[in-house]
1. Among the residues of segment 307-322, count how many are in a loop (DSSP other than H, G, I, E, B) and either closer than 8 Å to residue 379 by Cα or modelled with pLDDT under 95 (or both).
2. Taking residue 468 and the conditions (1) touching a Ser or Thr at 6+ places or on another chain (Cβ under 7 Å); (2) assigned to a strand (DSSP E or B), which numbered condition does it fall short on, given that it satisfies the others?
3. Identify the single condition in (1) without any contact (Cβ under 8 Å) to a residue 60 or more places away in the chain; (2) closer than 19 Å to residue 147 by Cβ; (3) charged (D, E, K, R); (4) out of contact with any Phe, Trp or Tyr (no Cβ under 9 Å at 6 or more places or on another chain) that residue 487 does not satisfy, given that it satisfies every other one.
4. So the check is Cβ under 8 Å with 6+ separation or different chains; which pairs have a first residue in segment 38-53 that's free of Cβ contacts under 8 Å to residues at least 12 places away in the same chain and a second one that's exposed (fewer than 15 other Cβ atoms within 10 Å of the Cβ) and not in a loop (DSSP other than H, G, I, E, B)?
5. Going by the conditions given, is residue 347 more than 17 Å from residue 203 (Cβ to Cβ), surrounded by 17 or more Cβ atoms within 10 Å (Cβ to Cβ) and either in contact with a Leu (Cβ under 7 Å, 6 or more places away or on another chain) or of a type in the set (A, V, I, L, M, F, W, C) (or both)?
6. Could you identify the single residue in 328, 340, 372 that is open to solvent by 10 Å² or more (accessible area, probe 1.4 Å), of a type outside the set (Ser, Thr, Tyr) and either within 26 Å of the chain's Cα centre (by Cα) or closer than 14 Å to residue 305 by Cα (or both)?
7. Counting only residues that are open to solvent by 40 Å² or more (accessible area, probe 1.4 Å) and either at pLDDT 95 or above or among the acidic types (Asp, Glu) (or both), how many does segment 177-187 have?
8. Looking only at segment 37-62, filter to residues that are surrounded by fewer than 21 Cβ atoms within 10 Å (Cβ to Cβ) and acidic (Asp, Glu); which one of those is farthest from the chain's Cα centre (by Cα)?
Amino acid sequence: MNRTTLSLIAAATALAAVTGFAAVSAPDSADTAATAKTPARLPVERSSLLCPAPSTSELAETVYTSFTPAGADGAGTGGTAELAPSAAPLDDATADDDGKKDEEDEKDEEKDEEQTGDTAGDDSAKEPAADGADAKAKPFLALKEPGKPVSGTKNTSDAPALVGTATGRLAPGWTTQQTTTVTGGEGRGLLGVSCTPPDTDFWFPGASTDKARQDYVHLTNPDDTAAVADVALYGKGGTLKSDAGEGIPVPARSSVPVLLSTLTAEAEPNVTVHVSTRTGRVGAVVNAADENLGGDWLAASADAAPRAVLPGIPADATSVRLVVFAPGEDDAELKVRLAGKSGTIVPAAAAETLNVKSGMTASLDLGDVTKGEAGSVLLGPAEDAGETPVVAALRVVRGKGTDQEVAFIPATGAVTERATAADNRAKGSTLSLTAPDGTGKVKVTASAGTGGGEQVVETYTVKGGTTQAVTPPVPQGLKGSYALTVEPESGGPVHAARTLALTRDGVPMFTVQTLPDDRGMVSVPATKEDLSVLK
C-alpha cells in the first residue's frame, strides 16, 4: 500500500470521527433555532480581584469584607472564593489582632459595629517565596456561601496586597471591600476601595504630583508570569516629562507601589495618570495622601465616553473639584450640571462650558456646590459641540480647618444588571442613586451580616435628573457588617455610589465607592457545528 493510499484512508477516518462527534453532540433543530436569535445570559464561572497593600502607617486598622450575591441562576453548586497574600503571607498576627479588636469592641460600640464578623487566615502559610510570589499561600479570607459576607482584619503596617479568585457559584458578582482607618499622621482618614479585577488599561484623573501630596499608584500582578507596565502622567499643559514611567516590571503574584512624584520633576496639583501594560495584566489603584486633607484611594474612571456621571457627593461637602481629561485627538467642550434632590441645575462655577484640550488635564473648582443637599455631577457635550470621549473624577472634601477629610469619586457606569458594595455598617452608610435621564426604579438588598442577621429588601424610584441619597436598609438582627446589592427593575439607567462615614477625634472621616455593574453575567452566543470547514 503506497503513501498516498494511507493518507486518503487517514483523512477519511478523521472525517468520520468528526462527523460522528457532530451527530452525537449537535443540538436538536428546535433548540438551535431558539438560541440562534439571542445570546444566552449566563453567570461567569471564574472571577479575579486584587486588593492593594492597605497602608504603611503603624496606626492603620484594615477590615476586609468579601461577598457574593445569592440567586445567580445557573451558577452551579460548587466553587471557592479566596483571597491570599501576593507578596508575602499574612502571619498569625491576624488572630492576635482579632482578639485585641474584640476587647476594644466591648468598650466601643461604634467600633463593634464596624468590625465584627468572621475572620479567616489564622493558619496562613508561614514561608514567603523567594521572589515575593507564593502561589501556594493559604487564603487569608475565604467566602463560604453566596448571600453571607465574611470579614477579616489586619492591623499592622506590613499587610501585603491580596490576590483572589472565585469559581463556580461564588464567582458571579464577587465583591471585596478593603477599608482602612488611620487615626493620625500623613494620610490619616478612612480609606476605602473596592478590590479591582485585573486589566490592561486604567485612567486616573484627580491624582497629583504637588508637594503637599504623596500619591502612589499600586500595581498588582495576579498571574504566575511577570507583567510590564507603563505609567504616563498628564498635567494642564499635556504630558509631564518622565524617564522612569516606562517599562515598570511587576513580578509574578506581586505588588509594586510607584510614587508619582518620582516619575517627574514637575509638581502639579491636578494630574491624570494612565496605566497600561505591555505584557500581562495588573490591578491598579492610586493611594492619595494630602498633608492637610488626609487621604483615600482613587479608583479608575469608567471608560472614556462623551457623557459621564459622578454620583454620591455628600450633602455636607465643603469643597468639590472636578478633574477631566480628553484621551483622544479632539478637544472636548463640556456642559457641567449638578443633579440634586429636586432636579438638575448648572452650578454658578460652571456657568460657562468647560474646555478640555486633547491630551491635557482640566479642572474646575465647584466649591460647596451641594449647598446641604446631596448631589451628583453630570457631564455631557455642550451645545453644538462634538461627542468627544473623556474620563473624569471628583475630589471631595468634608470638614473645616484642621478637621478636614478627602475622598474621590470617579465617573462610573450605570447599573445594568447588578452592583454590590460590601462593608456597610449599621450607622454611617449612605446610598446615592442618580437617574441622569428618565425615571428609574431599583431594588436594593441588604444581605445578612458577617456575624448574623436576615436580609432585607427595599425598592426606590429615582426621578429623572435627580439624585436620591438614602439611608440604606439594615438587616434584621444585624451583627457585624453587611453588603448592599442594587438591581434595576424598570425605567431609565441608574448610577449608584455608597458613602461610609465615621467621626474620629473631631475629623469627619469618609470614603465613597461607586457601584459599577459587577459583570457577573456574560452573553454566550449559540454555536453549531459547521463541517464545511473541513473542505
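The values are calculated or read from the model by the stated rules, or taken from the named source; none is laboratory data. Given the structure is predicted, the values throughout are model-derived calculations rather than measurements. Positions of Cβ are generated from backbone atoms using ideal geometry, with glycine treated the same way; all protein chains shown enter the neighbour counts. For accessibility, only protein heavy atoms count, side chains too; no ligands or nucleic acids. Shrake-Rupley method; radii C 1.70, N 1.55, O 1.52, S 1.80 Å.
1. The qualifying residues number 1.
2. Of everything listed in (1) touching a Ser or Thr at 6+ places or on another chain (Cβ under 7 Å); (2) assigned to a strand (DSSP E or B), residue 468 misses just condition (1).
3. Here residue 487 clears every test but (1).
4. none
5. Yes: the conditions hold for residue 347.
6. Result of the check over 328, 340, 372: 328.
7. 1
8. 58
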